[in-house]
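The values are calculated or read from the model by the stated rules, or taken from the named source; none is laboratory data. Keep in mind that this is a model prediction, so the values were computed, not measured. Don't worry about glycine lacking a Cβ; one is built from the backbone with ideal geometry, like all the others, and counts go over all protein chains shown. Areas reflect the complete protein model, heavy atoms only, side chains present, ligands, DNA and RNA absent. Shrake-Rupley method; radii C 1.70, N 1.55, O 1.52, S 1.80 Å.
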Amino acid sequence: MGTVGDTARWESALRAAPEILRADLGSPQRDPLPRHRYLSWLPHAHLVLFSLLMGMWEMTQYENAMDPAPGSIALFVIAQTAAPVLALTRPAAATWLSAAALLLTSTFAAPFFGAPWPWSGAAVALHTLVLLLLALRVRPLAAATALGITLLTGVGALLPHTVPHPPILAVGAAFFTTATVVGGSLRAARVSRTRLVEQEELTAEERARRALLEERGRIARELHDVVAHHMSVISIQAQVAPHLVENPSPELRENLAGIRQNAVDALTELRRVLGVLRGDGDRGDTTAGVRHAPQPTLDRLGELLGNVRAAGLDVTAETHGEPRPLSPGAELSAYRIVQEALSNVMRHAPGARAGVETRYHRDGLTVRITNTAPDGPAAAALAPAAPRASGEPGHGLLGMRERAAMLGGELAAGPTPDGGWEVTAVLPAPLSTKDASRS
């Protein structure tokens, strides 16, 4: 099985090779070398200066040997010098230019020397730089192909001659191979880092999305309890109502029976759709007591504060305005926001003091939770989360924002000038007609 798989992979790689070479070595598109994180454009300037110095050195070598060098040689040297500069933006084109300059220079220079002359020392340095810049930007197959073409230009310059090969061929081959291997290794490391960063970003996004779904599921479970309670009350009231009226008409009995049946059907559908969220595998439903316990309201806020005080948090509470019953959703959301905010204080601000302020007004309820700066070091924020009074998990600001948005409210959170933290939630809960008339 392993042999068959290896063969298939090799066949796939061979089929993809022409497209890779066409895309990496035959594409005229620009591929600028980005500036250095710390040195900015300084390496680019050094590369241009190095190319000019090598070009002057190469031209001086040919001038001294040929006295004077023909114009064609000067043209080839200029092309060789310009190749590394071109490689800063178009490495594939620069590689072809440099390889052509190598081949043409050796072809035209050999008759003057009367011996094979594949490369000069300066040309080796310039082409080494071109191959390095190419290997940094293209796939290994393309870089290896460019290396092979370069070596063939040197070997081709030696074929017509029978004299021993000059050492510059071996030296150049060593430099070219080293540049290709080093450039390919650096590119592989950069690609690996880039993929790792992308994977971390995807993982963070997936974690946030999963946390959002879990929090919405928990909210749905809690609202399931609230809505199921009201639907049950409607069903019972519709069943009892005929007995509270003397000689109820058949139409009344029929309508009340229809109301009861509709309530029962709606309750059945609700349990069928949302009941799966209360499965045994859910993290928030670890015990039967948690599954069937009534959802908390602001009446249990004192119990919550007592639990967090017992856990070591110094917390005070203030209530402004006339407390009044709110909708079950508003009561539950306000309680959970306070619970989550206090849990975050215990988790991220060890030794801090907290305050909970609830303010009732005509349009709803404002809940404000604050804490002072932590006494412990910043590393304490990495400590395990403090246990919740309810034993249920949450997702911090994400869950609090979801609860406020569900009711059409707003939530703001941020640091305070004294180094602490503040969470303020405004939950709409307008006065009912009966409450408005009382006020």
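Brief remarks on what is shown
- Nearest-0.05 FRET efficiency for Asp299 and Leu39, computed from C-beta distance (R0 51 Å): 0.20
- The 1.4 Å probe gives accessible areas that order Phe50, Phe176, Phe112, largest first, as Phe112, Phe50, Phe176.
- Backbone phi angles across the range 244-254, fed through the Karplus curve with coefficients 6.51, -1.76 and 1.60 (θ = phi - 60°), yield HN-Hα couplings of 8, 10, 6, 6, x, 6, x, 4, 5, 4, 5 Hz in residue order; Gly and Pro are listed as x.
- In order along the range 316-324, phi translates into HN-Hα couplings of 10, 9, 9, 10, 10, x, 8, x, 8 Hz, rounded to whole numbers, per the Karplus curve 6.51 cos²θ - 1.76 cosθ + 1.60 with θ = phi - 60° and x for Gly and Pro.
- Label point 7 Å beyond Cα of Gln237 along Cβ direction - residues of the range 328-346 with amide nitrogen under 15 Å: 328
- Between His361 and Thr366, the built amide H atoms are under 5 Å apart, and every one of these is 5 or more places off in sequence or on another chain.
- The slack between Ala65 and Ala311, meaning 0.36 nm per residue of separation minus the straight C-alpha distance, is 79.6 nm.
- Of the whole protein surface, Asp265 contributes about 70 Å² of accessible area at a 1.4 Å probe radius.
- Candidate residues Leu407, Leu88, Leu104: accessible-area rank, largest first, probe 1.4 Å: Leu104, Leu407, Leu88
- Projected label distance in nm at Leu75 and Arg22, using a 7 Å step from Cα toward the beta-carbon: 3.2
- Largest-first ordering by accessible area, 1.4 Å probe, given options Ile168, Ile219: Ile168, Ile219
- When only alpha carbons of the range 17-127 are considered, Rg and Dmax amount to 15.8, 50 Å.
- Surface accessible to a 1.4 Å probe, His320 within the full protein complex, Å²: 60
- Between amide H atoms placed 1.01 Å from N, distances below 5 Å from Gly351 occur with Asp375, all of them 5 or more places distant or on a separate chain.
- ³J(HN,Hα), Karplus 6.51/-1.76/1.60, whole Hz, each residue of the range 101-111, x for Gly, Pro: 5, 4, 5, 5, 5, 5, 5, 7, 8, 4, x
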